[in-house]
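The values are calculated or read from the model by the stated rules, or taken from the named source; none is laboratory data. Please read these numbers as outputs of a predicted model, since none were measured by experiment. In this analysis, Cβ positions are derived from the backbone assuming ideal geometry, glycine residues included, and neighbour counts consider all displayed protein chains.
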Amino acid sequence: MLERLSQISSHARAAPAPAVEHPLDPLSASEIAAASTIVKATYPDKVLAFNVISLADPRKAEFLAWEAAPATTPKPAREVDIVALEAGVSGVWEGIVNLTTGTVASWKKVDGVQPILTVDDLIKVEKAIRTDPKVIEQCVISGIPADEMDKVYCDPWTIGYDERFGTERRLQQAIMFYRADIDDSQYSHPLDFCPIFDTETAEIIAIDIPDVRRPLSKAPHSNFHGKAVEAMGGYRDNVKPIFVEQPEGVSFKITGREIEWQNFKFHVGFNYREGIVLNNISYTDKGVVRPLFYRMSLAEMVVPYGNPDHPHQRKHAFDLGEYGGGYMTNSLALGCDCKGVIHYMDAAFPDRSGEGIVLKNAICIHEEDDGILFKHSDFRDNYATSVLARGVKLIVSQIFTAANYEYMIYWTFHMDGTIQLEIKLTGILNTYILADGEDTRGFGTRVYPGVNAHNHQHLFCLRVHPMLDGEGNSVQMVDAMRSEAPVGSKENFYGNAFYPKATVFKTVGESITDYNGATSRTWDIINPNKKHPYSGKPVSYKLVSRETPQLLPKEGSLVWKRAGFARHTMHVTPYVDRQFYPAGMYVPQTSGEPSRGLPEWIGDGSGAIENTDVVMWHTFGITHFPAPEDFPIMPAEPMSLLLRPRNFFQQNPALDVPPSYIMTTSQAMVAGEHDVTSLTDNVSRLAFGETAAAEGSSCCSK
Ligand code: ABN
Ligand code: CU
């Protein structure tokens, strides 16, 4: 957290930004300042702390009208979402500022809700726990002398929901740790009690203390800094450098925040909450611009923990809705976070006073080798007749730090028209103290002496707003099925018949479905009005997503109530402007009664979703049973999903990618025996032997 603050403060307050060209561009730092100035001038009597100042996405119809005829259609007004807190007043002020007219377009008080926690809010808690007499008392009981409170740390989490305190006050729970030395990792030394902090009054209002006390672990700290690695035998010395060379630069073009790459074109947005937002994704197919997706983002996530003892039921972080995947984003470093030839985009956020602050290098855009795109060799001439094309991929990425965890988000575009979302988890496990001889009862793992890493899930919600070949889209579920006809029947005499069973969802209720590994279930976004000339099937993009655990907290549990979106793998709703957040706009301290966001939009499930403007909400992720290998810092664990064109292109859309090797049968007959040489790579070489470097560019074996 401190590191991130220093990243921010090391960048100057923003200078006035040039006029924003594109209606989907995030607010610049000067626009943020302008929006807060308008609010302050309109409500001079209020002492406001700004929590959110962020672009209110233009309404889709207005945006598309402008985009279709920018010379003759007014640009959508530049509107700004505002969430502000008034000193000493519960609830939030919620408004929209119109920057185009310089006015506050709407302004209302919303009671009974709590806004997102900002890094400023989080950072206050540690100071409070170190000076609170009751916390000091508990530290002493744990075995920490009262004069060593500077060695006591906490990860501040929203309280989730605790019925003892409700939603009135803005609360955080302090997950407590101890560091003997400032450079130690505190996660090997958790404490057994949990103070509760009022963010507005900066007071500790309660402490949850377990019945059975667990004294501070006497084990040495489990660290991952250089000295610790040296003490364990030092860094390995057999890693040779790998560099990425792009001698001619990159293959993408950037205009403002619009990227053109390999027939794809899209706009890269970013906000405090979802982080990267991809808008207006299209593919130019033999000269024809074909829209694919209007908007795509990671809309929410929840991380429920599985230890049943109070107060661990409160640990179920909504890292986007409670803290913001944008607010927690890292400033990325060349050759560290991303390797190769990089283009960065900055992000701008408000501080409490409404000033704009710029975070450098928030988004990384770069290309990587993508392995073999396609290959075929003919066995008839000992594989001499051959074609092989290597792919390149374009990656738009960000990394955010959610206290202990790092989430690395990679939106990847492939040359065959596929769009992939890959998320990698790293950082540090959330840990709790395990007394000597104590059993985890299966709800966690002893990853180090004195350390219990509780079972948990990481469940993400992908929001996809398609516009596949224009308006009028549907979603169908596709299951691999055996023919219903019995063995010996005319239709299935040998019993081997199987087929993809497509079920088009007509209503929201029908769309609420789960992954089924037994039928290799996928979901297609289709345009039923456009059929493929060969297959006769509707054009589609298929969602292939197999890491889709069910929400493990039971129906009726707090998490089940609060994270309605995570109850099922798939939901489809009719599009509604500015309906973005599937656990609701204000997530901290929701009770789940009623369940906000998606469950409210689903209603009785009768909404029509066939051949119309639809939004797909897809929950995916992993169930994480920690292991000692995840400690003291977790090697990155990937998970991934694909959106693949199916019946969309006439044939393989990447046939025109220059091959690394191509030889026809007649050419092979003339060439005879030869060494295969890459047509596109003169850098690859043999690893061993005297001639390694001189060999030059041998590539494909034959
Ligand atoms: N994982 C919970 C969390 C996220 C961000 C900041 C604090 C705590
Ligand atoms: Cu995990």
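Scanning the range 419-458 for residues that are buried (at least 20 other Cβ atoms within 10 Å of the Cβ) and more than 11 Å from ligand 2 (Cβ to nearest atom) yields a total of 14.
In the range 459-475 there is no residue that is surrounded by 18 or more Cβ atoms within 10 Å (Cβ to Cβ), among the small types (Gly, Ala, Ser) and more than 30 Å from residue 612 (Cα to Cα).
Taking the range 142-169 as the range and being in a strand (DSSP E or B) and within 16 Å of ligand 1 (Cβ to nearest atom) as the test, the residues that pass are 153, 154, 155, 156, 157, 158.
Scanning the range 211-232 turns up one or more residues that are aliphatic (A, V, I, L, M), farther than 28 Å from residue 427 by Cα and assigned by TED's automatic domain parsing to the domain that holds residue 134.
Looking at residue 345, is it modelled with pLDDT of 95 or more, within 14 Å of ligand 1 (Cβ to nearest atom) and among the hydrophobic types (A, V, I, L, M, F, W, C)? Against the criterion (modelled with pLDDT of 95 or more, within 14 Å of ligand 1 (Cβ to nearest atom) and among the hydrophobic types (A, V, I, L, M, F, W, C)), residue 345 does not qualify. Checked against the criterion of being more than 28 Å from residue 472 (Cα to Cα) and either within 16 Å of ligand 2 (Cβ to nearest atom) or buried (at least 22 other Cβ atoms within 10 Å of the Cβ) (or both), the candidates 593, 629 yield just one match: 629. Scanning the range 91-133 for residues that are within 15 Å of ligand 1 (Cβ to nearest atom) and either among the charged types (D, E, K, R) or touching a His at 6+ places or on another chain (Cβ under 6 Å) (or both) returns 120, 121, 124, 126.
Of all residues in the range 500-528, those being of a type in the set (Gly, Ala, Ser) and either out of contact with any strand residue (DSSP E or B) (no Cβ under 6 Å at 6 or more places or on another chain) or part of a strand (DSSP E or B) (or both) number 4. Checked against (1) surrounded by fewer than 23 Cβ atoms within 10 Å (Cβ to Cβ); (2) assigned by TED's automatic domain parsing to the domain that holds residue 361; (3) not basic (Lys, Arg), residue 269 passes all but a single condition, namely (1). If you check every pair at least six apart or on different chains, which have Cβ atoms under 6 Å apart with a residue in the range 158-176 that is away from ligand 2 (no atom under 16 Å from the Cβ) and of a type in the set (A, V, I, L, M, F, W, C) first and a residue that is modelled with pLDDT of 95 or more and assigned to a loop (DSSP other than H, G, I, E, B) second? Between residues of the range 158-176 that are away from ligand 2 (no atom under 16 Å from the Cβ) and of a type in the set (A, V, I, L, M, F, W, C) and residues that are modelled with pLDDT of 95 or more and assigned to a loop (DSSP other than H, G, I, E, B), the close pairs are 171/159; 171/165; 176/191. Pairs are defined by a Cβ separation below 9 Å, a sequence spacing of at least 6 or placement on different chains, a first member in the range 368-385 that is farther than 25 Å from residue 410 by Cβ, and a second member that is among the basic types (Lys, Arg); the pairs so defined are 377/702; 382/702; 383/702; 384/702. When the range 328-367 is filtered for residues that are aromatic (Phe, Trp, Tyr) and surrounded by fewer than 24 Cβ atoms within 10 Å (Cβ to Cβ), only 344 remains.
Quick check: is even one residue across the range 460-468 within 16 Å of ligand 2 (Cβ to nearest atom), of a type outside the set (Ser, Thr, Tyr) and touching a strand residue (DSSP E or B) at 6+ places or on another chain (Cβ under 6 Å)? Taking every residue of the range 460-468 in turn, at least one turns out to be within 16 Å of ligand 2 (Cβ to nearest atom), of a type outside the set (Ser, Thr, Tyr) and touching a strand residue (DSSP E or B) at 6+ places or on another chain (Cβ under 6 Å). Considering the conditions (1) farther than 24 Å from residue 113 by Cβ; (2) in contact with a strand residue (DSSP E or B) (Cβ under 6 Å, 6 or more places away or on another chain), residue 304 is excluded by exactly one of them, (1). In the set (1) away from ligand 1 (no atom under 16 Å from the Cβ); (2) within 21 Å of the chain's Cα centre (by Cα); (3) surrounded by fewer than 19 Cβ atoms within 10 Å (Cβ to Cβ), the condition left unmet by residue 622 is number (1). Would you confirm whether or not the range 475-493 contains a residue that is modelled with pLDDT of 95 or more, under 19 Å from residue 622 (Cβ atoms), of a type outside the set (Val, Ile, Thr) and outside any loop (DSSP other than H, G, I, E, B)? The answer is no; no qualifying residue exists.
Within the range 323-342, being on the phi < 0 side of the Ramachandran plot, out of contact with any Leu (no Cβ under 6 Å at 6 or more places or on another chain) and within 16 Å of ligand 1 (Cβ to nearest atom) holds for 325, 326, 327, 328, 329, 330.
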